[in-house]
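Beneath this line is the structure, given in structure tokens, with notes to follow.
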Amino acid sequence: MDPLSYLFSLEQFGIKFGLGNISAIVAKLGHPERAFQSVHVAGTNGKGSVTAMVDAALRAAGHLSARYTSPHLVDLTERFTIDGRSVDEAALVAAVDRVRQTVDALGADGTLDVQPTFFEVTTAAAFELFRDARVEVAVLEVGLGGRLDATNVVSPIATAITSIAFDHQLHLGNSLAAIAREKAGIVKPGVPVVVGPLDREATDAIAAIAAERDAEIIEASAADADGFVVGLPGVHQRTNAGVAVRLLRLLDARGVSVPREAIAAGLAEPQWPGRLETRRLADGREMLLDAAHNPAGAAALASYLKAAESGRRPLVFAAMKDKSVREMFAALLPVVDRLIVTRASTKRSADPEMLAAIAREVEPSMPIDVEPAVADALSRAWRASPRIVVAGSIFLLGDVLKLISRS
């Protein structure tokens, strides 16, 4: 089995929390995660945007930086970015192969008694890629939670928690305090943590953990981005930019030089697709792509659509089975004029008929179409309007981007 086939075969093991596997793997590899300085970013929403802004600013400051994010939109290599470019597939294949050989060796000597997950192997491969490239600073986005996430084997020079909201409750808990405690698991002794605006319940939970670890809390807000142009659209991105600004200033204070002009460049052009991104086709049709995949993300998208004052549009929507779609529809349906539900190309995608049934309960008067194939869903939306919205799942956005790249 070739290395990438091996990697994708691990998706069958799903999500598994714990640092045992990844700790054993990086130790056997010679701790590649220690070859560079790291910045660790957690949060329910906004962590990818902050990661992109910080990475862009570090590059603008002249550092050889990298970022590790998940999931990808179209191609696996997008997860691993060095000096502003996705890694070469051959380099990724070689890194995954080294990790696989390490996993086999650990299995043979009894250190590992279960197969690692897809995310554990991609994380180890990211560390290998960044070490090979002699990266100076890597900005690492937490996959899920924080405390037991595979990325949490690093010893960062700075951390950030962008936001706390309800998502992945099965894994993270059913209260904001419980979710906050999981995300605060990335806080390290004596290492400052930048925190975005939070509800009091979440703030108190993070403060307690930070106090235990003697980690200074640096509060960030949208006001910290005043005087800067923020390239990513949406009011919420100014809050994310505020977190990025405070994080970059913290890095500068801790010896990683980031002058104001570099911060400005990183905020203005972060290269982060699928976040309120407008794509215009050759024939003039237009689609707004947004990765809103939980109630807080849906509320941010709804706020943007309401403020746009350009008329309501059809919404092409898919979501994963574990998402709070009723709350997402409550935010989105009042600001669109038609709903077309579909299924993304992953077994985790929810049944479109089930989505439609929930949507009818939320907004009985809404015209709703069920088109299981993404291409048919787009066609139905285009027939209704030359301007459409696509949201609900990053996996759906990936499917759409693949389709329009072929047209």
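The values are calculated or read from the model by the stated rules, or taken from the named source; none is laboratory data. Just so it is clear, the model here is predicted, and its values are computed rather than measured. Quick reminder, even Gly has a Cβ in these numbers, built from the backbone with ideal geometry, and neighbours come from all protein chains shown. These area figures cover heavy atoms from the full protein model, side chains too; ligands, DNA and RNA do not enter into them. Shrake-Rupley method; radii C 1.70, N 1.55, O 1.52, S 1.80 Å.
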For this session: Taking only segment 200-231 into account, find how many residues are over 14 Å from V243 (Cα atoms), of a type in the set (D, E) and without any contact (Cβ under 8 Å) to a residue 12 or more places away in the chain.
Result: 1
Problem set entry | strands (runs of 3 or more DSSP E) within segment 136-228 that include 1 or more residues among the β-branched types (V, I, T) and surrounded by 21 or more Cβ atoms within 10 Å (Cβ to Cβ) | 137-141, 158-161, 193-195
Exercise. Which of the residues belonging to segment 294-344 are in contact with a Lys or Arg (Cβ under 9 Å, 6 or more places away or on another chain) and surrounded by fewer than 16 Cβ atoms within 10 Å (Cβ to Cβ)?
Worked result: S310, G311, K321, D322, P334, D337
Seminar exercise, completed: Scanning segment 108-131 for residues that are open to solvent by less than 10 Å² (accessible area, probe 1.4 Å), closer than 14 Å to A27 by Cα and not hydroxyl-bearing (S, T, Y) gives E120, V121, A124, A125, F127, E128
Exercise. When the residues of segment 159-171 are filtered to those that are farther than 17 Å from A222 by Cβ and at pLDDT 60 or above, which remaining residue is nearest to the chain's Cα centre (by Cα)?
Worked result: D167
For this session: Determine if segment 235-249 includes at least one residue that is out of contact with any strand residue (DSSP E or B) (no Cβ under 8 Å at 6 or more places or on another chain) and either of a type in the set (D, E) or more than 30 Å from A177 (Cα to Cα) (or both).
Result: no
Exercise. Does segment 67-75 include one or more residues that are out of contact with any helix residue (DSSP H, G or I) (no Cβ under 9 Å at 6 or more places or on another chain) and either crowded, with 18+ Cβ neighbours inside 10 Å or modelled with pLDDT of 95 or more (or both)?
Worked result: no
Exercise. List the pairs whose first member sits in segment 240-255 and is open to solvent by 10 Å² or more (accessible area, probe 1.4 Å), whose second member is assigned to a helix (DSSP H, G or I) and of a type in the set (D, E), and whose Cβ atoms are under 8 Å apart, counting only residues at least 6 apart or on separate chains?
Worked result: R246/D224
Problem set entry | Filter result (open to solvent by 20 Å² or more (accessible area, probe 1.4 Å), outside any loop (DSSP other than H, G, I, E, B) and within 26 Å of V258 (Cα to Cα)) within segment 22-55 | R34, Q37, K47
For this session: Mind counting the residues in segment 258-291 that are under 20 Å from R79 (Cα atoms), open to solvent by less than 30 Å² (accessible area, probe 1.4 Å) and touching a strand residue (DSSP E or B) at 6+ places or on another chain (Cβ under 6 Å)?
Result: 4
For this session: Note down all Cβ pairs under 7 Å where the first residue falls in segment 388-407 and is closer than 16 Å to T346 by Cβ, the second is in a helix (DSSP H, G or I) and among the small types (G, A, S), and they're at least six residues apart or on different chains.
Result: L403/A375
Exercise. Does segment 86-107 include one or more residues that are open to solvent by 20 Å² or more (accessible area, probe 1.4 Å), over 23 Å from L29 (Cα atoms), touching a Leu at 6+ places or on another chain (Cβ under 8 Å) and of a type outside the set (G, A, S)?
Worked result: no
Exercise. Applying the selection to segment 371-406, what residues are open to solvent by 40 Å² or more (accessible area, probe 1.4 Å) and either aliphatic (A, V, I, L, M) or in contact with a Leu (Cβ under 7 Å, 6 or more places away or on another chain) (or both)?
Worked result: A373, A375, A384, L403
